[in-house]
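Notes for the one structure printed next.
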Amino acid sequence: MGREVWPDIAFQDRIDSATFRVHHQAHIVVDSAICGDCSTRECIVACPANLFVPTSDGGILFNYEQCFECGTCYMVCNREGAISWDYPEGGFGVVYKRT
Amino acid sequence: MRDAGALDPATLDADVIVVGAGPAGSCAAIVLARAGKRVVLIERGPFPGSKNMYGGVVYPRILDQLIPNWWLEAPVQRWVTRRSTMIMTDDKALTVDFRCEAWGKPPHNGATAFRPDFDAWLADKAVVAGARLICSTTVTGLLHNEAGAVSGVTTDRPDGDLTAAVVIACDGVNSFLAKQEGLYGEFDAANYTLGVKETLALPKETIDERFGVRGTDGVDIEIVGCTGGVNGGGFIYTNLDTIAVGLVLKLPKLAAQKQRPEELIATMKRHPAIAPLVEGAELKEYSAHLIPEAGISMLPTLSGNGMLLAGDAAALCLAAGIWLEGVNFAMASGMYAGEAVVEALRAQDVTVSGLAGYQRRLEATFVLKDHRKLKRAPELVLSDRVQHLYPEFVTSVAERMFRVDNPAPKPGVRRIIAQERKRVGIRRRDLAADGVAGLRSFG
């Protein structure tokens with residue numbers, strides 16, 4: 001009792017609740033050649049925006065658009081050079097709401 | 001030593017560049033601008049606070065020194081008059097609940113506030129004092145003079161280099177400027193937690209009823225034992241007509257298991273002690289941010305030649321279980337950085353030794369005194385025993401104390417404690433050692 005009271009929020013609704021001003025240039029670049037060799041793939045579970053998605057051919061699909069710019073991915077990554085991380089262009093990226 | 005020529009105001013774009021218009025940067029800029037210094041405050045977001053999130057409670061006492069009667073104008077949601085610490089397992093929860101009516105009235109204690117509101121308000125104080133705020137501009141690196149001292153910043157604006165006598169880096173938990181200057185050792189993921197938060201809408205009357213408060217009084221609930229196999233903690237804070245529900249999760253532990261952050265939040269929200277509080281609430285905004293959580297052991301070198309670090313960039317965040325503070329440490333370190341730079345500019349010496357007033361001020365006040373006193377706390381609070389064994393232990397003891405097992409007579413409390421300690425698998429000497437560590441940290 002109490003555990004299935006209401007359905008959880010769909011992930012896309014969760015991400016769409018935040019505002020992102022997307023710049024055409026990616027601020028994070030993932031080297032999928034390095035990720036192809038990685039068996040642990042900490043980024044997949046840890047990224048709060050779920051931007052790292054495993055592909056059927058053993059690679060990783062990465063999107064930079066709806067990124068919280070938190071830094072979790074590069075901190076948990078064990079592979080040197082796999083994730084090149086920078087801040088987005090000024091004025092772009094996540095914009096948390098004012099009331 | 002830098003020669004006096006390098007400090008010649010006529011050759012520099014500003015006296016001081018402050019990178020990041022969060023609480024640290026804005027307080028530094030307020031102090032500097034009020035002292036008549038030419039300050040440029042650079043913010044990469046479209047407005048101050050737009051990149052910033054936290055759990056939700058700020059303790060602005062330190063603002064008494066910069067903005068008298070700040071509570072009359074600060075954009076707060078509710079004044080915290082009720083603090084609860086909840087220890088939970090899958091089906092039990094033990095709560096210590098404290099109320100203080102006085103905190104609802106001036107001069108107040110803590111308040112819930114949204115960072116985009118609060119940070120923008122504080123940055124405006126710097127602007128009013130005369131600082132030049134430049135938003136939507138990302139600082140991309142540091143400039144150095146021939147002597148190797150920091151002499152300005154590069155930005156992503158065309159011809160966007162800016163020179164100054166001192167750069168104060170308040171560029172947040174990922175501080176690339178501190179890294180570039182070599183002020184940190186290697187970034188160790190074990191020093192960081194990920195904070196994830198849902199801002200959920202509920203009618204104000206519903207929040208008042210569910211959380212037992214009225215008017216602008218608010219509640220702060222800290223939770224241990226709600227993070228599955230990941231070490232961390234949970235929180236629920238009341239805003240005016242939203243509540244903040246979230247978790248902080250130790251990075252290596254999060255990365256080493258299978259549940260994603262939002263799944264862990266969903267599990268906490270289904271807990272019988274939490275579900276009635278959050279039921280029917282509608283998601284307004286999801287957000288995430290890293291927290292420098294390891295306390296004094298992870299602090300970087302706080303100054304370089306021509307440069308100071310403040311706020312999260314300096315890892316000045318206090319995550320000590322019953323005290324979860326960061327914005328106040330940011331505001332204070334920014335303020336003291338500003339004071340130290342005013343002093344250094346007056347003495348025409350912005351080398352590490354000329355800027356030593358910063359470290360001195362931090363050492364003399366709560367900023368480093370609290371961190372030194374609580375140096376063992378973050379490790380203890382996030383330890384496996386506190387996280388995964390003690391919640392089961394204390395809630396089981398409570399359950400057996402309150403369970404009426406007639407016709408069996410009541411067992412003695414000491415016997416219950418001994419039996420439950422053994423059943424949960426806590427060694428007596430570990431319990432004693434943690435007790436001593438706790439007393440040393442918190443006592």
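The values are calculated or read from the model by the stated rules, or taken from the named source; none is laboratory data. On a predicted model such as this, the values are computed, not experimentally measured, just so you know. Here the Cβ is made from the backbone with ideal geometry for all residues, glycine too, and neighbour counts use every protein chain on show.
Taking the criterion of being touching a Ser or Thr at 6+ places or on another chain (Cβ under 8 Å) and facing chain A (nearest Cβ under 10 Å), the residues of the range B:32-58 that qualify are B:ILE42, B:GLU43, B:ARG44, B:GLY45, B:PRO46, B:MET53. Which ones in the range B:93-108 are buried (at least 18 other Cβ atoms within 10 Å of the Cβ) and either more than 16 Å from B:VAL394 (Cα to Cα) or in contact with an Asp or Glu (Cβ under 6 Å, 6 or more places away or on another chain) (or both)? Scanning the range B:93-108 gives B:TRP103, B:GLY104, B:HIS108.
Scan the range B:74-99 for residues that are under 30 Å from A:ARG98 (Cβ atoms) and of a type in the set (Gly, Ala, Ser) and report the count.
The qualifying residues number 2.
Among the residues making up the range B:169-219, those that are farther than 29 Å from A:ASN50 by Cα and in a strand (DSSP E or B) are B:ALA169, B:ASP217, B:GLY218, B:VAL219. If you go through the range A:69-84 and pick out every residue that is among the hydroxyl-bearing types (Ser, Thr, Tyr) and either within 8 Å of another protein chain (Cβ to nearest Cβ) or in contact with a Gly (Cβ under 9 Å, 6 or more places away or on another chain) (or both), you end up with 1. Looking across the range B:266-293 at every residue that is facing chain A (nearest Cβ under 8 Å) and in contact with a Lys or Arg (Cβ under 6 Å, 6 or more places away or on another chain), the one that is nearest to B:LYS204 (Cα to Cα) is identified as B:GLU285. Restricting attention to the range B:72-92, the residues being over 30 Å from B:GLY225 (Cβ atoms) and either under 16 Å from the mean Cα position of the chain (by Cα) or in contact (Cβ under 8 Å) with a residue 40 or more places away in the chain (or both) number 3. In summary, no helices (runs of 4 or more DSSP H) completely within the range B:230-330 bear 3 or more residues that are aromatic (Phe, Trp, Tyr).
Determine, yes or no, whether B:ALA126 is part of a loop (DSSP other than H, G, I, E, B), surrounded by 18 or more Cβ atoms within 10 Å (Cβ to Cβ) and either without any contact (Cβ under 8 Å) to a residue 60 or more places away in the chain or more than 14 Å from chain A (Cβ to nearest Cβ) (or both). No; evaluated as a whole, the condition is false for this residue. Only one of these is more than 23 Å from the chain's Cα centre (by Cα) and aliphatic (A, V, I, L, M): B:VAL57, B:VAL39. Name it. Unique residue meeting the criteria: B:VAL39.
Under the condition of being β-branched (Val, Ile, Thr) and touching a residue at least 24 places away in the same chain (Cβ under 8 Å), which residue from the range A:85-99 is nearest to the other protein chains (Cβ to nearest Cβ)? Quick ask: steps written out before the conclusion?
In the first step, residues of the range A:85-99 are kept if they are β-branched (Val, Ile, Thr); the result is A:94-95, A:99.
This time we only want the ones that are touching a residue at least 24 places away in the same chain (Cβ under 8 Å), so: A:94-95.
On the way: A:VAL94: 6, A:VAL95: 5 Å.
Among those that are β-branched (Val, Ile, Thr) and touching a residue at least 24 places away in the same chain (Cβ under 8 Å), it is A:VAL95.
Under the condition of being touching a residue at least 24 places away in the same chain (Cβ under 8 Å) and either of a type in the set (D, E, K, R) or assigned by TED's automatic domain parsing to the domain that holds B:LEU249 (or both), the residues counted in the range B:349-370 number 3. Looking across the range B:22-74, the residues that are among the aliphatic types (A, V, I, L, M) and assigned to a loop (DSSP other than H, G, I, E, B) come down to B:ALA35, B:MET53, B:LEU66, B:ILE67, B:ALA74. Taken over the range A:1-15, the residue count meeting the criterion of being more than 9 Å from chain B (Cβ to nearest Cβ) and at pLDDT 90 or above is 2. Within the range A:17-28, the set of residues being surrounded by fewer than 13 Cβ atoms within 10 Å (Cβ to Cβ) and either within 11 Å of chain B (Cβ to nearest Cβ) or at pLDDT below 95 (or both) comprises just one member, A:GLN25.
Can you find a residue that is crowded, with 20+ Cβ neighbours inside 10 Å, free of Cβ contacts under 8 Å to residues at least 40 places away in the same chain, within 14 Å of chain A (Cβ to nearest Cβ) and hydrophobic (A, V, I, L, M, F, W, C) anywhere in the range B:213-231? Within the range B:213-231, one or more residues are crowded, with 20+ Cβ neighbours inside 10 Å, free of Cβ contacts under 8 Å to residues at least 40 places away in the same chain, within 14 Å of chain A (Cβ to nearest Cβ) and hydrophobic (A, V, I, L, M, F, W, C).
B:ALA201 - would you say it is away from chain A (no Cβ under 12 Å), under 30 Å from A:GLY91 (Cβ atoms) and either modelled with pLDDT of 95 or more or surrounded by 22 or more Cβ atoms within 10 Å (Cβ to Cβ) (or both)? Judged against the criteria, B:ALA201 is not a match. For the range B:418-440, the condition holds for no residue, the condition being that it is small (Gly, Ala, Ser), assigned to a helix (DSSP H, G or I), touching an Asp or Glu at 6+ places or on another chain (Cβ under 6 Å) and buried (at least 16 other Cβ atoms within 10 Å of the Cβ).
Yes/no matrix, rows are residues, columns are (1) in a strand (DSSP E or B); (2) within 30 Å of B:ILE223 (Cα to Cα):
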site: B:VAL76; (1), (2): no, yes
site: B:ARG83; (1), (2): yes, yes
site: B:ASP91; (1), (2): no, yes
site: B:PRO106; (1), (2): no, yes
site: B:ALA147; (1), (2): no, no
site: B:ASP159; (1), (2): no, no
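Take the conditions touching a Lys or Arg at 6+ places or on another chain (Cβ under 9 Å), within 13 Å of another protein chain (Cβ to nearest Cβ) and at positive phi and apply them to B:GLY246. Does it pass?
The answer is no for B:GLY246.
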